[in-house]
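Everything on this sheet refers to the single structure shown next.
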2 protein chains.
Amino acid sequence: MTGTTVAGFAASAVSSGVCGDGVLDLALVASVRNQPGDRRGRLVVSGVPCAGVFTSNRAAAAPVQVSRAHLAATRGRIAAVVLNSGNANAATGRKGREDAERTCEQVARCLGVAPEEVLVCSTGIIGIPLDIGRILGAVPALSAALTQEPGALDDAATAIMTTDTVAKKVRIEADGFAVAGIGKGAAMLAPNMATMLAVLTTDALVEPPQLSAALADAVGRSFNHLSIDGCTSTNDTVIAMASGMASGRAVGVGELADAFGAACASLARQMAFDAEGATKLVDVKVIGALSSSEALVAARRVADSLLVKCSLNGEDPYWGRVVSELGSAGVAFDIDRVSVSYGGVVVCAGGVAVDHDRGAVRLHMSGREVEILCDLGLGDGDAAVVSCDLGHGYIDENRGTS
Amino acid sequence: MTGTTVAGFAASAVSSGVCGDGVLDLALVASVRNQPGDRRGRLVVSGVPCAGVFTSNRAAAAPVQVSRAHLAATRGRIAAVVLNSGNANAATGRKGREDAERTCEQVARCLGVAPEEVLVCSTGIIGIPLDIGRILGAVPALSAALTQEPGALDDAATAIMTTDTVAKKVRIEADGFAVAGIGKGAAMLAPNMATMLAVLTTDALVEPPQLSAALADAVGRSFNHLSIDGCTSTNDTVIAMASGMASGRAVGVGELADAFGAACASLARQMAFDAEGATKLVDVKVIGALSSSEALVAARRVADSLLVKCSLNGEDPYWGRVVSELGSAGVAFDIDRVSVSYGGVVVCAGGVAVDHDRGAVRLHMSGREVEILCDLGLGDGDAAVVSCDLGHGYIDENRGTS
C-alpha cells in the first residue's frame, strides 16, 4: 500500500527547525536488513544498487554535485538518501559543497556506513547558505527514527514538500517485485525534469547498470514529459535504489523500466495536479508530426505557452493560440493540414474553424483534466506532455520569497 | 514632431464597425505627391521603395502571406498599407487569403493604384473569419480621408491598438532625412518579433534593396531583442516605405539602419512599457559570454523566465532564479564565475551571495525600469533584451476571448 516501504527499505522524517519548529523538513530513506539473531529487530544499513538522474542545469546545486560524485565513487552502491526542504543549497559555492559533504558524513556516522554511500537532495530557496548546524544536529534523531512501519514513507514525502499542498507518493506492484516512491514538485517544472525530487525504492534484484538504464528510460518517458512553467531547476534529482529482496530472479531492464515508468508517471501527474496556482491538469498530445521528436517539440511549445495556459485558466477553447504555437515551434508544419480537438471534439480542421458541439467543449474545459489533441497531418510522429493552466496563484506564490 | 507624417506620406483612420461603432479600427498609410497644377491640393498615390519583415511563424496569417506576395510581385515598390484591428485574419484558410486580397483590391481601386501595390496588416483574434463586408465598406471613406495634416499618424496608431492602452509612435530626425513610425503590440511579443505591427515612413532617397537591408538590420537589433511572453504571433509585420523626397542625396544603408534602429527601439520600449498586466520594463543584459549569440540566448532565457518575471512583479531581487536560468540556458557557464547586479548593485559574485546595499536594490526594484546585469565571466560576448514583469493583469487579459 502507499506509504509502506518495500522489502529492504526503511524511512524516517524529523523537524530540523529550518522550516520552523515542528515542521517535518528532513527525511531519510535507507536500505536495511535485520541484524542476524537480533531479537530487538535492530536494522543494519548497507549499500545496494542505486542509480540517479540529475538536473541538466549547469548551475547544479551542491547536493547534486556531491550526489553525482558519490554515485561515481561507489559505482552505484548506496546505503541511504537524506533529503531536506527549505533550502536548496544552490548558488552557495564551496561552502555549499562542504555543507552537503558534511551532511552525508553525519548520516554515514549515525548509520555506520561510508560517507560516499550516502546521497543528499535539497529543495527550497536558492543562494542562501544552508543552516548546517540545524541539519547536523537533527541527523542523529533522524537516523534513530528509521522504520519499516507503515506511514514511514508518508512522513518522508511530507518532509520534502515546499510549496506542494499534498505529499506525493506511489506504489506499483509488478510481476514478483514492487516499487514504492515519493516525490515533490509544484513549480519550476520543465522538460528535463523540474524542481522536483523523487526517490524510488524497489525490492527487485538488479545490478547497478541495469538499474541505471531502467531509471533513465522511465524518467525519459515521464518526468521529461512534464512541464509546468518551462523552468529547469538547479536541484532536480530522481534516485532509485534496489534491495534485491523480492526473489532470486533477476529483473530485466524492460520490466523494471515499465514499473519505474508507471511510478514516475503517477508522481508527475500528482505534481501537475498540485502545480502552483493551477486549476487544471492538461494533457497536450501531438500526432501526425514528421517524427516523434518533432511531435515532442511541438507539444512542449503548446504546453509551455503562456497564452494557451491563460486560455485554459479561463476555460476558453481558443484553438487559434494552439495553432499559432504549433506554427512557431520550428517543426515541419502546414496549416492547411492541422486539426485541433478539445476532449475529443474537433474544433479546427484543415487549419480553419469547424462547426462543433460547443456545449460538449465547454463541459470538457470546465473539468479538472483537459486534453488538447493536435494532428499535424504530416507523418506518424506522436508525443504527449503533461502540463497545467496558469492562474493568479502562480504569480502570488512566486512574486516574493518572504 | 510625433504624429506628423514625413514628406511624401499621408495617413488616415476610420471606424469600420468591426471593433464597435465609432472605434477607430482601420488605418491607411500611403505614399503621396501633390497633383501637378492642382490648387485644391489633391493627392496622387503611387508606389515607392518598400521593405517588409514578417513573422517566422509557419502559421503565418493571410495578410502576411498576401503582403509577402505583393512585395515580391512589385520588387519592393508599394503605394499604401492598410491595417485593421479586431481580427487577425489568421487560421482562416483560403477564404482568409481571398479576404486579404479583396481588401487590397478595394484600397487599390479607391487610390488608383494596382492591387499588388497595396500591403495589408491585421491584428486581433485568431481563427474567426474577417467581417469583410464591413472592411470593404469602410475603405472608400478611409481613402478619402488621407491627409498630411498633423495628427494623421496619431489616428492611424490609435486604430491599430488592440489590448494596447496607449498609441505607439515615433519620429527620428536624422542627417538630412526623417523617419516617422507607428506600432502596436502588448502581448505575444517574443524574439523574432511579436504580435506587433509597425509601419515606418521616411523621406530618405533609397532603393528597395538598400531599404530592405536597413530594415532587417534595424529589426534585428530592436524588436528581436524584445520579449514579453515568449510567444511569436501569426501576424508580425514591420513595413518601411521611403518617399525619397528629402533631398537628392542617396542615403546609405548604415545611416538608414541607425535611424530605423532608433525608431524601432523606441517603439519596442513603448510596447514593453504597455505590456499586458506589466508594471515594469526590464532590461536584461548579459556580458562576459563566450560569444554575443550565447549572450543573447542567456539574456532571453532570463527575460522569458516566469519565475524571474514573478520576482520582478513582487520587486524581489531573487538573483538565485537568474543564476538558475543562466545555468539552464544551454550556453557555456561556470557558476563560480557568475556575477549578477540589479541597477548597478552587485548582489552575487563568484556564484554566491555578496554583502550589498539592500536599500539601494530595494529602491531600484521599486522603480518603473529595472536593470539586471549578468556577467558570465567567460569572454567578450554581450547582448541585451527588453522585457517586463508578469502580473495578474496578463492572466486576466488572456484568460478569455469574450
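Values in this text are rule-based calculations from the coordinates and carry no lab data. On a predicted model such as this, the values are computed, not experimentally measured, just so you know. So basically every Cβ, Gly included, is an ideal-geometry build from the backbone, and we count neighbours across all protein chains shown.
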Karplus-derived HN-Hα couplings along the stretch B:172-177 (A = 6.51, B = -1.76, C = 1.60, θ = phi - 60°), whole Hz, x at Gly and Pro
10, 9, 9, 6, x, 8
Using a Förster radius of 41 Å, what is the FRET efficiency between A:H392 and B:R39 based on their Cβ-Cβ separation? Nearest 0.05, please.
0.10
Members of A:K95/A:K168; A:K169/B:K280; A:K280/B:K168; A:K95/A:K184; A:K95/A:K309; B:K168/B:K280 lying beyond 29 Å, as alpha-carbon distances in this model show:
A:K95/A:K168; A:K169/B:K280; A:K280/B:K168; A:K95/A:K309
Mind checking the angle between helix B:208-220 and chain B's longest principal axis? C-alpha axes, 0 to 90 degrees, to the nearest 10.
30 degrees
Which whole-number percent of Cα pairs in chain A have a distance greater than 36 Å?
27 percent
Which of the peptides B:221-227, A:164-170 is most tightly packed, and how do the rest follow, judged by the mean count of other Cβ atoms within 10 Å per residue?
B:221-227, A:164-170
Quantify how strongly other chains surround peptide A:123-130 by giving the mean number of their Cβ atoms within 10 Å of each of its Cβ atoms.
4
Work out the length of the dipole vector of the stretch A:9-273 about its Cα centre, built from +1 on the beta-carbon of each Lys and Arg and -1 on the beta-carbon of each Asp and Glu, and round it to the nearest 20 debye.
340 debye
Angle between the Cα long axis of helix A:93-111 and the longest principal axis of chain A, 0 to 90 degrees, nearest 10?
50 degrees
Most positive-pole-ward Cα, A:A62, A:V338, A:M271, against dipole of chain A from beta carbon charges
A:A62
Using a label point 7 Å beyond Cα on the Cα-Cβ vector, give me the inter-copy distances for A:P36 in nanometres, one decimal, shortest first.
11.4
With only helices counted (DSSP H, runs n ≥ 4, each -39500 (n - 2.57)), the per-residue ellipticity at 222 nm for chain A, to the nearest 500, works out to -10000 deg cm²/dmol
Taking every DSSP beta bridge that has both residues in the protein assembly as shown, what percent is antiparallel when rounded to the nearest 5?
70 percent
For peptide B:53-60, the mean count of other chain Cβ atoms within 10 Å per residue Cβ is 6
How far, in degrees from 0 to 90, does helix B:292-304 lean away from the longest principal axis of the Cα atoms of chain B, to the nearest 10?
90 degrees
Testing the spin-label approximation: label points 7 Å from Cα along Cα→Cβ at B:T165 and B:R109. State their distance in nm.
4.2 nm
For A:308-317, what's the mean count of beta carbons from other chains sitting within 10 Å of each residue's beta carbon?
4
Ascending list, in nanometres, of distances separating the A:E369 label from those of the other copies (7 Å, Cα toward Cβ)
5.0
How far, in whole Å, is the closest Cβ of chain A from the axis that maps A onto B, and which residue does it belong to?
A:H392, 3
Exam field: A:E149 pseudo-label spacings to other copies (7 Å along Cα-Cβ), nanometres:
8.7
Apply 1/(1 + (r/R0)^6) to the Cβ-Cβ distance of A:T147 and A:D21, taking R0 = 30 Å, and write down the FRET efficiency to the nearest 0.05.
0.85
At a Förster radius of 25 Å, what calculated FRET efficiency corresponds to the Cβ-Cβ distance of A:S291 and A:D334, to the nearest 0.05?
0.95
How high is the relative contact order of chain A, given as a whole-number percent (alpha carbon pairs under 8 Å, six or more residues apart)?
16 percent
Order these peptides, B:362-368, B:339-345, A:87-93, A:131-137, by their mean beta-carbon neighbour count within 10 angstrom, highest first.
A:87-93, B:339-345, A:131-137, B:362-368
Take every Cα-Cα pair in the protein assembly as shown and report what % of them are more than 44 Å apart.
34 percent
